[in-house]
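Asker: Questions regarding the structure given below will be posed in turn.
The values are calculated or read from the model by the stated rules, or taken from the named source; none is laboratory data. Every value quoted in this text rests on a predicted model; they were computed, and no experiment measured them. We place every Cβ from the backbone using ideal geometry, glycine too, and count neighbours over all the protein chains shown.
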Amino acid sequence: MQWWVYAIITMLMFGATNFLVKYAGHSGMDSVFASILLWLATGAMGVVFLFVYRDQFMQNLRSTPTWLLLLPVAAGVTLAIGMYSIKIALTKGPAGPTVAITAANAFLVALLAYVLIGENLSPLKIVGMLVIFAGIVMLTL
């Protein structure tokens, strides 16, 4: 499958996640409780994928430098904090602007990829990012 198909699947799954989180908060579910359930569900999916890809996982675990293993662990911690924060934001605020603001993380990813990895940011991509950012600003007003 092409990378963009996975990106669309991600957008749909994240959208469903954010709606379900909003609906749980709207229905009166406690934010901490909802976050714990979310993390447990995420962990359960991790166990399923570990079972399916166990041989590949073990091979990669043995061949990957220790320092590099810390990157996805740190990403998991930041994801957990972000998911907790969006749960609070969705519970206390409107869904559209909340998700639009959180979607602005694409700017941070693109900027860090440009600065730290040397990924290309063409003028057209920069203009596209600015248009998206302007849309996010308009959605939050």
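Asker: Does Tyr114 satisfy the criteria of being more than 25 Å from Met29 (Cβ to Cβ) and among the hydroxyl-bearing types (Ser, Thr, Tyr)?
Answerer: On the way: more than 25 Å from Met29 (Cβ to Cβ): yes; among the hydroxyl-bearing types (Ser, Thr, Tyr): yes.
Yes: the conditions hold for Tyr114.
Asker: Another question about this same structure. From the list Leu68, Leu116, Leu108, Leu124, exactly one residue is more than 21 Å from the chain's Cα centre (by Cα), part of a helix (DSSP H, G or I) and loosely packed, with under 11 Cβ neighbours inside 10 Å. Which is it? Outline the logic, then answer.
Answerer: On the way: Leu68 fails: more than 21 Å from the chain's Cα centre (by Cα); Leu116 fails: more than 21 Å from the chain's Cα centre (by Cα); Leu108 fails: more than 21 Å from the chain's Cα centre (by Cα).
One residue alone meets the criteria, Leu124.
Asker: What about Trp39, is it at pLDDT 90 or above, exposed (fewer than 10 other Cβ atoms within 10 Å of the Cβ), out of contact with any His (no Cβ under 9 Å at 6 or more places or on another chain) and assigned to a helix (DSSP H, G or I)? Break it down stepwise before answering.
Answerer: Numbers: at pLDDT 90 or above: yes; exposed (fewer than 10 other Cβ atoms within 10 Å of the Cβ): no; out of contact with any His (no Cβ under 9 Å at 6 or more places or on another chain): yes; assigned to a helix (DSSP H, G or I): yes.
So Trp39 fails the test.
Asker: Within the range 71-105, can you find the residues that are aliphatic (A, V, I, L, M) and surrounded by 14 or more Cβ atoms within 10 Å (Cβ to Cβ)?
Answerer: Taking the range 71-105 as the starting set, the residues that turn out to be aliphatic (A, V, I, L, M) are 71, 73-75, 77, 79-81, 83, 86, 88-90, 95, 99-101, 103-104.
Ala80, Met83, Ile86, Ile88, Ala89, Leu90, Ala95, Val99, Ala100, Ile101, Ala103, Ala104, listed by residue number.
Asker: Can I ask one more? Show the residue pairs that are 6+ apart or on different chains and have beta-carbon atoms under 7 Å apart, the first residue being within the range 90-108 and within 10 Å of Leu139 (Cβ to Cβ), the second being of a type in the set (S, T, N, Q).
Answerer: Pro97/Thr140; Val99/Asn18; Ala100/Thr140; Ile101/Thr140
Asker: Then there's this: Please go through the range 1-46 and give me each residue that is closer than 18 Å to Ala75 by Cβ and either of a type outside the set (Gly, Ala, Ser) or touching a Lys or Arg at 6+ places or on another chain (Cβ under 6 Å) (or both), ordered by number.
Answerer: Listed by number, the residues that qualify are Tyr6, Thr10, Met13, Phe14, Thr17, Ser35, Leu38, Trp39, Thr42, Met45.
Asker: Of the residues Ala80, Ala41, which single one is free of Cβ contacts under 8 Å to residues at least 60 places away in the same chain and touching a helix residue (DSSP H, G or I) at 6+ places or on another chain (Cβ under 7 Å)? Working first, answer last.
Answerer: On the way: Ala41 fails: touching a helix residue (DSSP H, G or I) at 6+ places or on another chain (Cβ under 7 Å).
Answer to the selection: Ala80.
Asker: Please give the number of the condition Arg62 fails out of (1) surrounded by 10 or more Cβ atoms within 10 Å (Cβ to Cβ); (2) farther than 21 Å from Lys92 by Cβ; (3) among the charged types (D, E, K, R).
Answerer: Result: Arg62 fails condition (1) only.
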